Amino acid sequence: MRIKIVGRQMDVPKDFYELADRKLSKYDKFFKDDAIANVTLRKRKNGNEILELTITSSGLMFRGEEEDSTFQNALDAVMESIERQLRKNKTRLEKRLRDGVFPKEIVVESVEDEVPAVNSDAPVRIKEFVLKPMSTEEAILQMNMLGHQFFVFLDQDTSRICVVYERKDGKYGLIVPKTE
């Protein structure tokens, strides 16, 4: 697994590179060799430290974010969060992780840009990502893996951009565009 560590408006402590490499090597048994782990570190004004971990492998994304008093504690907590995601979706992921074959890639590229706030209605962040064709079930799985409440995807059957979302009752909804 390749590991990329970035500090936002801070320098990454030298000993953290070795710590992250040692701890994240635990995931080598789950992911294929193409896996990339992106670790983003930042500090809050109150002294807390925030660690965001995103692992991309075979088109699947696993993401966790934790805030703690130290980056080491935050790394431990975010690793537990990703392990819970893996266990929760174990049966769905068996064919897509280490031993299986994944038929199509899902979302693999994500770019985030900070947008200066003009007023309270302006977006705080803009995300751009590559739309890959997938089924509704794959989109729901990807949404759950990212921990989001909705997910935009390109339907493999209709070639339309659709949105799946989690409803308040715990079930899922699908928004499909209608042309007149």
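Descriptive notes on the structure:
- Test: residue 52 is surrounded by 15 or more Cβ atoms within 10 Å (Cβ to Cβ) and under 14 Å from residue 85 (Cβ atoms): no
- Residues located in the range 124-158, provided they are buried (at least 18 other Cβ atoms within 10 Å of the Cβ) and polar (S, T, N, Q): 142
- Single residue of 75, 86 found to be of a type outside the set (Asp, Glu), modelled with pLDDT of 80 or more and in contact with a helix residue (DSSP H, G or I) (Cβ under 8 Å, 6 or more places away or on another chain): 75
- Scan the range 154-180 for residues that are under 12 Å from residue 131 (Cβ atoms) and either touching a residue at least 40 places away in the same chain (Cβ under 8 Å) or among the charged types (D, E, K, R) (or both) and the total you get is 3.
- Test: residue in the range 104-125 that is assigned to a strand (DSSP E or B) and at pLDDT 80 or above: no
- Of all residues in the range 35-53, none that is not assigned by TED's automatic domain parsing to the domain that holds residue 81 has its Cβ atom under 7 Å from the Cβ atom of a residue that is modelled with pLDDT under 90, 6 or more apart or on another chain.
- Residue match in the range 9-30 (condition: more than 20 Å from residue 76 (Cβ to Cβ) and either surrounded by 12 or more Cβ atoms within 10 Å (Cβ to Cβ) or not assigned by TED's automatic domain parsing to the domain that holds residue 67 (or both)): no
The values are calculated or read from the model by the stated rules, or taken from the named source; none is laboratory data. All of these numbers come straight from a predicted model, not from anything done at the bench. No Cβ is skipped: glycine too gets one built from the backbone with ideal geometry, and neighbour counts run over all protein chains shown.
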